[in-house]
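One structure is given below, encoded as structure tokens.
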Amino acid sequence: MSLAIVGLIGVLFAAGTYLLLQRTITRIIIGLGLIGNGTNLLLMATGGRPGATPVAGGGSEVTDPVPQALVLTAIVIGFAITSFLLALAWRNWTLDGNDEVEDDISDRRIARAERDTEADGAGASDERGDGA
Amino acid sequence: MNALLALPVVLPLLGAGVSVLVGRSRRAQRAVSITVLTAIAAVAVALLIQVDDRGVVVTSAGGWPAPMGITLVADRFSAVMLLTAAVMLLAVLLYAIGQPGAERNHVGFQSVYLVLAAGVNAAFLTGDLFNLFVGIEMMLTASYVLITLGGRLDQVRSGMTYVVISLMASALFLAALAFTYAAAGTVNMADLAGVVAGLPDGTRAALAGLFLVVFGIKAGLFPLFFWLPDSYPTAPSPVTAIFAGLLTKVGVYAIIRTQTLIFPGALPRWLVLTVAALTMVTGVLGAIAQDDVKRILSFHIISHIGYMIMGLGLATVAGLAGAVFYTVHHIVVKTGLFLTGGLIEHHGGSSRLSRLGNMVRTAPLLAVLFLVPALSLAGIPPLSGFVAKLSLIDAAVADRQWPMVASSVAVSFLTLFALMKIWFGVFWNGPDEPDAIEPPATAAAPGPALMLAPTIVLALGAVLIGLGGGPLYDYSVRAAEQLHDPTAYVAAVLGEGP
């Protein structure tokens, strides 16, 4: 396994994780794509040195064919799910007109409860708001 | 070669194809699904008897011997999971057919549901880590479609979180597979059992930890559960019920299978037990804080996953037997509770506690149908949860794990509290909000007969597993012996000639 490939896998994972933490859905999907490619590369790298033939009899050094078969399956699955995610993102866009991940329901409830207690403390006795 | 092993995977996939071909007729689609799932239940019964009688059953696809070929294996644990899953899939399908609404009339529902069944069965029967990945992916892809089938905004949004988290977990799973292959040079689980035992302790612990994280995301372990209560409740009730009953349990199955077969003793016991205790406690505390029937029940799933992992963490035959028994009991009871939750929503027009009330007068049958599995989940004798919890706590006492005993008993009380909160809020007390919709007080049944029948069957199941728990517990002990000492499993897989 060459150092360049190891470095590339690291960069793909790091960039993917950074994008995954964004609030925009398209960036999250691109991030997942990067992480998926990093994983596929990692799987490839377990098969031996690049350049050797994958079939016995082609030379003295043989690359293990199993990881290549595994990677093929993984690529197909990753492709299908990424397209599904893109379709979901598009559906979200047509329904709502934005491309952002919304806040967690419990987080919103806690934030509202905090606002209410602050308002109570200030003397403005507000009716308890309807939960989300 | 044993054809019985391939049928639970092949039949639903063929059925899904046929279901697409006859897409014009909803009636034909339903007939296909019901036939296929009934056939699988019959195969599962045959397999269970065969496995219990003759030991581990193995088949190699295409006649390639392990570890080269793709192997399907059934031991006692996978056979009982297969049977439970088949019965649940059938019960929930009938419920979905009975429920009025747009989703069940969707042309794709039946075929996607069958693909889900194929994925679940493949995950239970595979003897190969990579095919476990494929089986889980098949199941997850079908679940992505089912959770967003309605196409409503809230479904798309929570579905998005669900897909992103699952995809991330799948990438990690694949990375863990790559590391395992690099370290051991095989992905056959029986073969791995031998090779991994010879690896350095650090490598084993790292791989075992990685797999625990990967399947922990799918199962909803602490602290990886956060996606579950947000995404499950938005799906239509039958879909939520099957997700709650089966999907997280496939994660639990994968954890128990990999940790007992491939990495026995690789992770320190205190780590697994601490995770189990924290999962129990956070799950039940989350449930108490909620105000929606489906969200409370979703948090309860997490809490009870903790009990199963506690059985694994004890790593004794009694502990594993408790885990097997608990898993079977929980699948039945939880699916039943979610089906009742769907009926409450159907009858009362909402699933929020503050808008519901007084339903004991308008729908006394539902009150009973909710109470039986709820008490079972809390562990009240003579229901199934009592036997399941008793066996686990007994195992913990025998092992002198006093903190685990204390936390599991405390969590049982909190479970009872949270479930009684639902029961009093929905059935006994009046609604909190003045503008709540009062359900119509009709003398008729509180839902279509096809929705009621599977729910009643599952509630009876909770009673039966409790009253007749002896044979199932004995079976669980035999399954646990197989899990605890996997030499028979390894010999059966690797010994089978071409």
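The values are calculated or read from the model by the stated rules, or taken from the named source; none is laboratory data. Everything quoted here is computed from the prediction, not taken from an experiment. Every residue, glycine as well, gets a Cβ built from its backbone with ideal geometry; the counts of neighbours run over all protein chains shown. The accessibility values were calculated without ligands, DNA or RNA, using every heavy atom of the protein model including side chains. Shrake-Rupley method; radii C 1.70, N 1.55, O 1.52, S 1.80 Å.
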**Complete:** All-but-one check, residue B:224 against (1) over 18 Å from the mean Cα position of the chain (by Cα); (2) away from chain A (no Cβ under 14 Å); (3) open to solvent by 10 Å² or more (accessible area, probe 1.4 Å), failing number (1)
**Prompt:** Since residue B:78 meets every condition but one in (1) hydroxyl-bearing (Ser, Thr, Tyr); (2) surrounded by fewer than 24 Cβ atoms within 10 Å (Cβ to Cβ); (3) touching a residue at least 12 places away in the same chain (Cβ under 8 Å), which condition does it not meet?
**Reply:** (2)
**Message:** Being open to solvent by less than 10 Å² (accessible area, probe 1.4 Å) and part of a helix (DSSP H, G or I) is the filter here; which residues of region B:114-130 pass it?
**Reply:** B:114, B:116, B:117, B:118, B:119, B:120, B:121, B:123, B:124, B:125, B:129
**Item:** Residue that is nearest to the other protein chains (Cβ to nearest Cβ) [pool: residues in region A:23-40 that are modelled with pLDDT under 90 and in a helix (DSSP H, G or I)]
**Value:** A:25
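Any residue at all in region B:221-237 that is closer than 20 Å to residue B:295 by Cα and of a type in the set (Asp, Glu)?
yes
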**Message:** Looking only at residues that are modelled with pLDDT of 70 or more and either open to solvent by less than 60 Å² (accessible area, probe 1.4 Å) or on the phi > 0 side of the Ramachandran plot (or both) in region A:49-65, which one is nearest to the other protein chains (Cβ to nearest Cβ)?
**Reply:** A:64
**Fill in**
Given the conditions (1) closer than 23 Å to residue A:36 by Cα; (2) surrounded by 12 or more Cβ atoms within 10 Å (Cβ to Cβ), every one holds for residue A:96 apart from (1)
**Prompt:** Failed condition for residue B:213, given (1) more than 14 Å from chain A (Cβ to nearest Cβ); (2) crowded, with 24+ Cβ neighbours inside 10 Å, with all others met?
**Reply:** (2)
**Prompt:** Where residues in region B:164-206 are facing another protein chain (nearest Cβ under 10 Å) and in a loop (DSSP other than H, G, I, E, B), which of them is surrounded by the fewest Cβ atoms within 10 Å (Cβ to Cβ)?
**Reply:** B:185
**Fill in**
All-but-one check, residue B:137 against (1) modelled with pLDDT under 90; (2) within 14 Å of another protein chain (Cβ to nearest Cβ), failing number (1)
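Yes or no, residue by residue, for (1) open to solvent by less than 10 Å² (accessible area, probe 1.4 Å); (2) under 17 Å from residue B:385 (Cβ atoms); (3) assigned to a helix (DSSP H, G or I); (4) in contact with a Ser or Thr (Cβ under 6 Å, 6 or more places away or on another chain):
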{"site": "B:272", "(1), (2), (3), (4)": "no, no, yes, no"}
{"site": "B:277", "(1), (2), (3), (4)": "no, no, yes, yes"}
{"site": "B:280", "(1), (2), (3), (4)": "yes, yes, yes, yes"}
{"site": "B:285", "(1), (2), (3), (4)": "no, no, yes, no"}
{"site": "B:294", "(1), (2), (3), (4)": "no, no, yes, yes"}
{"site": "B:304", "(1), (2), (3), (4)": "yes, yes, yes, no"}
{"site": "B:308", "(1), (2), (3), (4)": "yes, yes, yes, yes"}
{"site": "B:313", "(1), (2), (3), (4)": "yes, no, yes, no"}
{"site": "B:321", "(1), (2), (3), (4)": "yes, yes, yes, yes"}
**Message:** If a residue must be free of Cβ contacts under 8 Å to residues at least 24 places away in the same chain and within 28 Å of residue A:108 (Cα to Cα), how many such residues does region B:262-289 contain?
**Reply:** 1
**Prompt:** So, in region B:330-379, of the ones that are touching a Gly at 6+ places or on another chain (Cβ under 9 Å) and assigned to a loop (DSSP other than H, G, I, E, B), which residue ends up surrounded by the fewest Cβ atoms within 10 Å (Cβ to Cβ)?
**Reply:** B:358
**Item:** In region A:1-22, residue farthest from the chain's Cα centre (by Cα) [restricted to those that are farther than 16 Å from residue B:175 by Cβ and not in a helix (DSSP H, G or I)]
**Value:** A:2
**Prompt:** Considering only region B:403-420, how many residues are under 16 Å from residue B:380 (Cβ atoms) and open to solvent by 10 Å² or more (accessible area, probe 1.4 Å)?
**Reply:** 8
**Message:** Given the criteria more than 8 Å from chain A (Cβ to nearest Cβ) and in a helix (DSSP H, G or I), does residue B:142 qualify?
**Reply:** yes
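When you scan region B:1-57, how many residues do you find that are outside any helix (DSSP H, G or I), free of Cβ contacts under 8 Å to residues at least 40 places away in the same chain and open to solvent by less than 60 Å² (accessible area, probe 1.4 Å)? Let's see the steps before the verdict.
Keep residues of region B:1-57 that are outside any helix (DSSP H, G or I), which gives B:1-2, B:22-25, B:55-57.
Now narrow it down to the ones that are free of Cβ contacts under 8 Å to residues at least 40 places away in the same chain: B:22, B:24-25.
This time we only want the ones that are open to solvent by less than 60 Å² (accessible area, probe 1.4 Å), so: B:22, B:25.
Of the residues in region B:1-57, 2 are outside any helix (DSSP H, G or I), free of Cβ contacts under 8 Å to residues at least 40 places away in the same chain and open to solvent by less than 60 Å² (accessible area, probe 1.4 Å).
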**Asked** Mind checking which residues of region B:145-163 are open to solvent by less than 10 Å² (accessible area, probe 1.4 Å) and either more than 7 Å from every other protein chain (Cβ to nearest Cβ) or touching an Asp or Glu at 6+ places or on another chain (Cβ under 6 Å) (or both)?
**Response** B:146, B:147, B:155, B:162
